[in-house]
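Since every read-out is calculated from the coordinates, none of them should be taken as a lab result. Since the structure is predicted, the reported quantities are computational estimates derived from the model, not experimental observations. Neighbour counts are summed over all protein chains in view; Cβ atoms, including those assigned to glycine, are modelled from backbone coordinates with ideal geometry.
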Amino acid sequence: MELTIIGSGTGMPSKTRAYPCTLVKIKDKHLVFDTGTGPLRQLYDLKVIYTF
């Protein structure tokens, strides 16, 4: 199991900080918790999600 903090959160909206988000990877499965627009961008950068 691998745990990745995608966003650590921010009290105010920010262009440089993502909202809270945690990625849990178990074998070839990915579980994402508390996602929003900032973490989605970071998940794309990590190649966890793809666009078509």
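Using the 10 angstrom Cβ neighbour count as an exposure proxy, how do Val24, Val32 rank, fewest first?
In increasing order of surrounding Cβ atoms, one gets Val24, Val32.
Give me the extension gain from Leu3 to Lys15: residue separation times 0.36 nm, minus the current Cα-Cα distance, reported in nm with one decimal.
Computed gain between Leu3 and Lys15 is 1.9 nm.
Test of understanding: ordering Lys29, Lys15 by Cβ neighbours within 10 Å, fewest first, what list do you get? Please report the intermediate quantities before stating the final value.
Numbers: Lys29 8, Lys15 5.
The most exposed by this proxy come first: Lys15, Lys29.
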